[in-house]
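A.B. asks: My questions will all concern the structure given below.
The values are calculated or read from the model by the stated rules, or taken from the named source; none is laboratory data. Just so you know, these numbers come straight off a predicted model, no measurement behind them. Cβ: placed from backbone, ideal geometry, glycine included. Neighbour counts: every protein chain shown.
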Amino acid sequence: MLINLRDFMETPDGWGRAEGREVYQRLLSSVEANSGVMVFKVSVAGVKRVDISFASETLVELARRFRGKKGFCFVDLQDLDMIENWEAAAERKGQPLMLWEGDQGRVIGVQPSQGNLEAFLFALSKPYTRAAEFAEAKSGMSIANASSKFKQLWEQGYLLRRESVADSGGVEFVYHTIK
């Protein structure tokens, strides 16, 4: 689902914590009204500028609140000053956010740990994956270790996951990129 951030703002400038909290409430109502949606793509078209306080109180806080359940990503954020402000806000709150430019995605805010980076890049290369696929692709990687890496990435907000039935009949998690 596409969210046009400008539609939730009174002016094209997002400034300050107070305004950010007002916009957050409007965004929250929209997200809750679309409970079946897993990923919200955020457009900043028409937004002239945002400061760190506004960014922190709106999308960054929303992503933090729904971490592990819903994902939020930018689809047309290109202004370097705005990227810097969104990134600083995400870093401050310990919340990663995905920024997509076509099929190329990158994290703004908190980066994955060095130990989980390879698993994250593997997951990022496809719409969804399982720990067993990563273990199979990486020589010497056990399924338990791969599963642990993906679980950490999910808990930290880099990936989403859904339960699935494994070939063995047990529960298996399918990890999704936030795109």
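A.B. asks: Could you list, in sequence order, all residues of the range 107-116 that are under 25 Å from Ser56 (Cβ atoms) and either out of contact with any helix residue (DSSP H, G or I) (no Cβ under 9 Å at 6 or more places or on another chain) or assigned to a loop (DSSP other than H, G, I, E, B) (or both)? Give the derivation first.
C.D. replies: Step one: list which residues in the range 107-116 are under 25 Å from Ser56 (Cβ atoms), which gives 107-113, 116.
Residues satisfying the conditions are Gly109, Val110, Gln111, Pro112, Ser113.
A.B. asks: Might you check whether a residue that is buried (at least 17 other Cβ atoms within 10 Å of the Cβ), under 28 Å from Leu5 (Cβ atoms), under 12 Å from the mean Cα position of the chain (by Cα) and not hydrophobic (A, V, I, L, M, F, W, C) occurs anywhere in the range 93-101?
C.D. replies: Among the residues of the range 93-101, at least one is buried (at least 17 other Cβ atoms within 10 Å of the Cβ), under 28 Å from Leu5 (Cβ atoms), under 12 Å from the mean Cα position of the chain (by Cα) and not hydrophobic (A, V, I, L, M, F, W, C), which makes the answer yes.
A.B. asks: Going through the range 1-59 one residue at a time, which ones are among the hydroxyl-bearing types (Ser, Thr, Tyr) and more than 19 Å from Glu101 (Cβ to Cβ)? Don't jump to the end; show me each part of the working.
C.D. replies: Of the residues in the range 1-59, the ones among the hydroxyl-bearing types (Ser, Thr, Tyr) are 11, 24, 29-30, 35, 43, 53, 56, 58.
Selection gives Thr11, Tyr24, Ser29, Ser30, Ser35, Ser53, Ser56, Thr58.
A.B. asks: Scan (1) in contact (Cβ under 8 Å) with a residue 60 or more places away in the chain; (2) among the charged types (D, E, K, R); (3) over 29 Å from Leu27 (Cβ atoms) for the single condition Lys69 breaks and write down its number.
C.D. replies: Condition not satisfied by Lys69: (3).
A.B. asks: Return the residues of the range 130-176 that are of a type in the set (Ser, Thr, Tyr), part of a loop (DSSP other than H, G, I, E, B) and modelled with pLDDT of 95 or more; say none if nothing qualifies. First the steps, then the outcome.
C.D. replies: Applying the first criterion (of a type in the set (Ser, Thr, Tyr)) to the range 130-176 yields 139, 142, 147-148, 158, 164, 168, 175.
Cutting the leftovers down to part of a loop (DSSP other than H, G, I, E, B) gives us 139, 142, 158, 168.
Once the filter is applied, which keeps residues that are of a type in the set (Ser, Thr, Tyr), part of a loop (DSSP other than H, G, I, E, B) and modelled with pLDDT of 95 or more, the range 130-176 yields Ser142, Tyr158.
A.B. asks: Suppose we filter the range 1-15 for residues that are surrounded by 14 or more Cβ atoms within 10 Å (Cβ to Cβ) and in contact with a Phe, Trp or Tyr (Cβ under 6 Å, 6 or more places away or on another chain); how many remain?
C.D. replies: Qualifying residue count for the region: 3.
A.B. asks: Taking strands (runs of 3 or more DSSP E) that do not extend beyond the range 1-105, which have at least 2 residues that are touching a Lys or Arg at 6+ places or on another chain (Cβ under 7 Å) and of a type outside the set (Val, Ile, Thr)? Don't jump to the end; show me each part of the working.
C.D. replies: Numbers: elements: 2-4, 39-43, 71-74, 97-101.
Correct list: 97-101.
A.B. asks: Residues to consider are Glu155, Glu172; find the one that is acidic (Asp, Glu), touching a residue at least 12 places away in the same chain (Cβ under 8 Å) and within 15 Å of Gly68 (Cα to Cα).
C.D. replies: Values: Glu172 fails: within 15 Å of Gly68 (Cα to Cα).
Going through Glu155, Glu172 in turn, the sole match is Glu155.
A.B. asks: Can you tell me which residue is nearest to Glu133 (Cα to Cα) among those in the range 152-171 that are surrounded by fewer than 16 Cβ atoms within 10 Å (Cβ to Cβ) and either touching a helix residue (DSSP H, G or I) at 6+ places or on another chain (Cβ under 8 Å) or among the charged types (D, E, K, R) (or both)? Explain how you work it out, then say what you get.
C.D. replies: Going residue by residue through the range 152-171, those that are surrounded by fewer than 16 Cβ atoms within 10 Å (Cβ to Cβ) are 155, 162-171.
When the remaining residues are screened for being either touching a helix residue (DSSP H, G or I) at 6+ places or on another chain (Cβ under 8 Å) or among the charged types (D, E, K, R) (or both), the result is 155, 162-163, 167.
Values: Glu155: 20, Arg162: 16, Glu163: 16, Asp167: 13 Å.
Step by step, filter the range 152-171, then rank; the result is Asp167.
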